[in-house]
Each structure stands twice: as C-alpha cells, then as structure tokens.
4 protein chains.
Amino acid sequence: MELSAIALNCSLKASDAPSSTDKLLGEVLAELAKHDVAGEILRVADFDVKPGVTSDEGEGDAWPEIRRRIVAADILVLGTPIWLGQPSSIAKRVVERMDAFLGETDDRSRMPAFGKVAVVAVVGNEDGAHHCHAAMFQALNDVGFTLAATAGTYWVGNAMAATDYKDLRKPYEPTVQASAMMAANVAHLARLLRRSPYPGME
Amino acid sequence: MELSAIALNCSLKASDAPSSTDKLLGEVLAELAKHDVAGEILRVADFDVKPGVTSDEGEGDAWPEIRRRIVAADILVLGTPIWLGQPSSIAKRVVERMDAFLGETDDRSRMPAFGKVAVVAVVGNEDGAHHCHAAMFQALNDVGFTLAATAGTYWVGNAMAATDYKDLRKPYEPTVQASAMMAANVAHLARLLRRSPYPGME
Amino acid sequence: MELSAIALNCSLKASDAPSSTDKLLGEVLAELAKHDVAGEILRVADFDVKPGVTSDEGEGDAWPEIRRRIVAADILVLGTPIWLGQPSSIAKRVVERMDAFLGETDDRSRMPAFGKVAVVAVVGNEDGAHHCHAAMFQALNDVGFTLAATAGTYWVGNAMAATDYKDLRKPYEPTVQASAMMAANVAHLARLLRRSPYPGME
Amino acid sequence: MELSAIALNCSLKASDAPSSTDKLLGEVLAELAKHDVAGEILRVADFDVKPGVTSDEGEGDAWPEIRRRIVAADILVLGTPIWLGQPSSIAKRVVERMDAFLGETDDRSRMPAFGKVAVVAVVGNEDGAHHCHAAMFQALNDVGFTLAATAGTYWVGNAMAATDYKDLRKPYEPTVQASAMMAANVAHLARLLRRSPYPGME
C-alpha cells in the first residue's frame, strides 16, 4: 500500500465492548483500502491518555505512543460517538493533546500535522453529527491537518431514537456513499501533499 | 389567558409556502395553551428585517414592530429550520437584532428580555437540532432570556434523509412528549418570573 | 446560608497546580455568597471520573460522589478552561456523565436536575468563551438544568495572546460585573424554583 | 497571476461604511498576492441576496452573480464579523445558498466547489473566532470546499472589549503571521488541486 491511515475510535467503551463507531471506522478503512491506503483502528479507551496539553504528561501516559502513530501516518481518521449532541470526552482529549503541535514547529514554522489529511466519522443514535464535524474540523485544522472536500461521514437515526448503527441489518446507502466519496477525496489529497509538501514560511 | 407567547418562524420561506417549522410551532403553542398561555406565530420571512445590531435600522425596517411584540410577550418561541446543520440565516438575523438589548438596560442594569423565558423549536430533514439549540440558547441567554429546564424541542429524520416533518402522517411521539414537557416548564417559569422579577443590580 | 452551590473546576490540572478557572470560580462563589448562597469548589482532575454514560461506572469510579454533591446542591457552577476554542475534555466528561439523568426521572418525568440552576464560568488565554457557553448551556439544559438570564461569565485575552487570568494584577471590571449580575440572577431563580418546583407531567 | 481568489465580506454594513472585516480581508489578499493569487473583495450587504437554498431565487436575487464569481475562482475567502459569538446572518446566508451545490454534481458526483480551497477570516471586538471557524469550515466543507492547514485567521480583543480592528494603529503581529501562513498553505493547495483535480466517483 502506498499510504497509511490511523483510525482513532473515541468511543467511551474499551475494546471488549462492541462499538458502532468501530463499525463505521471499519467501513471507512475498507473504502480507503480501495485507494491503496493501509489502515488500523486504535480504541483510545484502551489506553490511559492523561489530561493535558503537552506531548508527554509523564509516567503512565499512553499518549506518546498514540502520537507516534499519528505522526507516522498520512491520514488521520477520527471516529467519535455522539453524546448530548457533541463529540465524546475522549475525542476532545485526543485533539487537546494535539494542542502541543502548535509549539512543535520546524524551521519553516510547520507543525507535525502539516501535510497530513484528516477525516471525521461520527455515529450516534440520533442528532449531532454536523456539530461533531464542525468541532473536530476546527480543532484538527487549527493544529495543522488538511481537510479534503466532504471530509466527514456519519450515521444518525431519527430524533430521540435508540437504534444503534452496529445493529442495522443492512448497509445504510447514504452513509456508504458519503464514506466512499470521502475516501476517494482524502486519498487523492494525501497523495498530492506527500509528493508536494507545504513549503511553510521562512 | 394569563400569559402570552410570540412564536417566530425563521423559515427561509414566506407564509405562502407550507413550513415544517410552522407545524412544530403550532404544536408548541397548543401545548402552551394548556397552561394558560395565549400565542401567535409570525413568519419572519414575510417581513423586511434589515441587517444590523440596533433596534431600528431606519426606513423600511420591519424589526421595530417585531421587537415590540417580543417585548410585550412573556415567552419567546424561536422556531428555526436546519440548513447545513445550523440555524437559518433568518434565525441568526433575529438574535443579531436583539444584540441591541445589551445596551438597552434600565436603572438596575436589566435588559428588555430580563424576566422573559425563551424556548427553541427546531425542524430539519436530518441532523443539526442540538447545535441549533446550543447556538440559540447561548445567543438568547446572552441578551437576557431565561431558559427553563429542557427548553428545546425538535424533529429530525435519519442521516441524509429527505422526509419533511410537515409530511409525517401521524404525530411523532418523542417530539410530542418533548414539546409537552417544555411547555409545562416554560409556563411555570414564566409565571414565577412575572410575579417575582429579577431584582437586577444597583 | 439559604442556598447551596457546587462549583466544578474542569481544569486539566489537579489541585496542586494553580488554575485560572479556580480564580474565576472563587470570584463567582464570592458573588453568590452576597446572595446567601454557600459554595465549595471541586477540582475534577483530582478525581478518577471514568468515561461512560451511567451514574456509576463501577470500581474506582469517583463520579457517584461528585454526582451526590450535585444532586444535593441548588446551583451548579461549571467552570472550564478553553482549549482549541472549546470546553475541556473534563468538562465534556462531566456533562456526559449527567446524560444518565435522562433515564432517572421521577413519577412526574422530572430529571434529578429539575429545579436546579446552572451557570458556566469560562477562562482562556484567548477566544472561545461564547462557544463554551453554548456547548455547556445546551448539554446542561438537555439534562434538566435551568439557566437564569446571563448565565455565563468569562475572561479571555486578545487573539492568540498568552496571558493567564490568574496572573492579572487587578480585577478585570467587565468580568467582575458579568459575574455579579449572573450571581444575582441565579440566586433569585434558584430561590423561586426551590419554593415552587416544576410540576412535571403526569 | 496564476490563481484567483474571491473574498466575500459578510459585514452587516454596506460598503459605504468602514469595516474591520474589510481590513482583514485586504491583508489576506495582500498575502495571497505574494503567492501569485489575484483577488477582489465583494461586500455582500451591497447585494440583495434572497433567502433560500437554490442557486437562483428569482426576480431581484443577486446571488446568481455572486455564485458565478465563486465558481470562477480558485479560492474562496469568507470574511465574517462576530455577533453574539457567532458568524453574521449574512455569512450564514452565503453558505446557505451554496447548499444548492449538493444537488449540482457532475457525472462523477463532484460538486461545483470540488477543487476549490476556502479560508475563513474572522473579526470581532471580542471572543467568537474559533466558533466562527468551526461553523464555516463545516458548512463550506459540506458543500465541497477543501481546507488547507490552518485555514482560519482572525482578530479579537479582550473579553467584552469594544476596540475595532480597523482602529488599531499598528499591525497585530499574531494575526499578520496567521494570515501569512494561511495564504502560503492555501495557495500551495489550490495550485495542486488545479493541476490534479479530485477524480470523483463513477
């Protein structure tokens, strides 16, 4: 595979519990694979990511390892469930830790995420996906990620409904189409930026 | 009736066009009527509300009349459709015009909306209601409105769906229940605040 | 004192580190004390609040104790720093845990927060306070808290600035005034709702 | 010049009034010119942009002409003032009108904005820039625009302050730097996408 993607599942549950976010991330990685992108999913709740805004919060902090994998990848897929119409506290923690990128620039003022492309996959029983996209797009872009056209995919049910994405019996076509277009765009853009990095500033 | 409500329909369409927001606002006013609240709906797109942040933007500005009705009512029901996951430009214009309240305080620093209670009713084909609540709650609260418990009601369909609320054949129970509880709470609170106004500051 | 307030400091740092949020919360509690409200501050980062959306996530979860204090108080003061223009991951975790309130209703469908009044205090080096208010107002209102007029206070510096609120040498008057008005309003409303609780629904 | 940019000033005031947004947009276009991008500013309040979500709302609608210029440009610079911590109603109207792009795809499902790069410039007396970025990034990305790394620039003053950007006597360095890096990134990305358009889907 030519490119690599790291998908962060920001579910509140550890990986012994089934996750709708996991299902959507799996679909996104399958679409990316069609464009020569190798991917893996990390369940962030399995790790002890300490609160803070540095790249290493000391003993027991699992962030340095996750950060290493983000920096090694071409594409970041941030997956979050919706709670109270908003991204999960774990998704917020992840972008918070990348606040450190603002101070980790090279000699041309480029942050570690410059040239990397991010996408955001959101799942909830109901309502909240656009806001999760907005909040995560802004945070990820602030710390240097590029966003390809239609960089968000999602599934949500009717207002105040209780069905889980993981329990749907058949593919939900609008979400499948959104993920497919997102994957085509992000792979194209990541390839362009790998070959022609941002020049930065003197 | 003991209390009065003014409902602003912030649909992008004028009143010759059917409106899902109108349907939800009608339901909200019906619930409020059960609590002795008389209400009326105004379709904002029927009026020429000028851009600006004063209470009167001059010749042809329809805002002074709408403002008069807001100030005369105990309860403001702000109804907005969702476009791109966000409140309509007309809903934004309405709260923008109330920015003027910040400078229109009495001798105890109370804005014209002090003591009034606001609720927000949101309708879309899909996703965006919680963000519309968030944006409108903050703006309305900033300019002095009080928010009763569960001050938002809404209806939205599945992700990327196209059904209109106005075309549903039967009542959508979760929305009906949310509107009923909202009405009970807002009527109770408006009554308390009418009898015991905020004291303000010296 | 007639009423009680619990202030949650959602700083990313534990209580051995100085906190600008702490300074603002102290000022808010001092204003509340003038209206006969007794308050205490809890630094949430001192506790192990597990991720999840139930009221007890099992062994080692510190949330049940924090939840107990919230339910015992008349007023919740949620204090959050701004990171990337948004509430902290700890603030998000706190409201996420109160998602459980949605299912903990009494025989009149009232959540545990019904009748309680919330305010939100936000501090950052720069930009983000209004969005923090919006996100927290919506989440807190969804789970049953009432919001008095002007329920938010805040301090932020100029765009991309680095000064900390805790390092300001003298009181910042606009913030002092906002906190004072907020305290007057919230104490008034909490008193009304304690005497006349929401009736709920049959 | 190799590339072209259209800057939309979404101030609430028409072009006979001085505008802080205009000042920031002028600075952004000057930075873009260093990267071989020709630009012009349009004051949207000078035009009668009708409410709606089609590309032509009929008689008197000025949108078709603005839309034509957006489609002809490589780069969209959306400039908005902050009111109540949020983008202006005119900024919301502009993105609302581009909702029509969702249905205007070519035979490879590409919207008219595919391949175009957007940036967002925000000015306010105080607080709100990050939220304006978030709301505009999400809306613009939804309708097909690409966002280069650090696609937002802004200026805001201290909490509840009243200074206007247009009245600052000297350049505000952090904003100057943010605009310069933004311009370098967007010009680089627009050039790449012009040479290698998104392939779209069959």
At the level of C-alpha centres, the distance separating segment B:31-83 and segment D:65-142, in angstrom, is 27 Å
Plugging the Cβ-Cβ distance of C:Lys170 and D:Ala62 into 1/(1 + (r/R0)^6) at R0 = 41 Å yields, to the nearest 0.05, a FRET efficiency of 0.25
Placing each pseudo-label 7 Å from Cα in the direction of the beta carbon, D:Ala161 and A:Thr54 end up separated by a distance in nanometres of 3.0 nm
Looking only at aspartates and glutamates whose Cα falls under 14 Å of A:Lys166's and that sit 8 or more positions away or on another chain, we get A:Asp22, A:Glu27, A:Glu126
Rounded to two decimals, the Rg over Rh value of segment C:128-173 from Cα coordinates and the Kirkwood Rh reads 1.08
For B:Gly115, the net charge from surrounding residues (Cβ-Cβ under 9 Å; K, R +1; D, E -1) works out to +2
Amide H contacts under 5 Å for D:Glu104, restricted to residues at least 5 apart in sequence or on another chain and with H modeled in the peptide plane, are none
Expressed in nanometres to one decimal, the distance between label points 7 Å along Cα→Cβ at C:Glu40 and B:Ala33 is 5.0 nm
Which residues qualify? For D:Tyr154, with a placed amide H closer than 5 Å and at least 5 residues away or on another chain, they are D:Val122
For segment A:1-97, the dipole about the Cα centre with charges only on Cβ (Lys and Arg +1, Asp and Glu -1), to the nearest 20 debye, works out at 280 debye
Filtered hits (lysines, Cα-Cα < 22 Å from B:Lys116, offset >= 8 within chain) -> B:Lys34, B:Lys92, C:Lys116
Between the modelled labels at D:Ala14 and C:Met201 (7 Å from Cα along Cα→Cβ) the distance in nm is 4.8 nm
Taking every residue of C:118-130, the Cβ atoms of other protein chains inside 10 Å of its Cβ average out to 5
If C:Ile41, D:Ile70 are placed from fewest to most neighbouring beta carbons inside 10 Å, the sequence is C:Ile41, D:Ile70
Per residue, the convex hull enclosing the alpha carbons of segment B:22-128 has a volume in Å³ of 116 Å³
Under the helix-only model (-39500 (n - 2.57) for each DSSP H run of 4 or more, divided by the residues of chain C), the mean residue ellipticity at 222 nm, to 500 deg cm²/dmol, is -11000 deg cm²/dmol
Using alpha-carbon positions, the gyration tensor of segment A:3-195 gives root eigenvalues a ≥ b ≥ c; with a/c under 1.5 called rounded, otherwise prolate if a/b exceeds b/c, else oblate, the class is oblate
Share (percent) of C-alpha pair distances in the protein assembly as shown greater than 42 Å works out to 23 percent
Note, segment D:162-171: 3J(HN,Hα) by Karplus (6.51, -1.76, 1.60, θ = phi - 60°), whole Hz, Gly/Pro = x, goes 10, 5, 9, 4, 5, 9, 5, 7, 9, x
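Bear in mind that the values in this text are calculations on the coordinates, not laboratory data. Here the structure is a predicted model, which is why all the values come from computation and not from measurement. For neighbour counting, all protein chains shown are included, and Cβ atoms are generated from backbone atoms with ideal geometry for every residue, glycine included.
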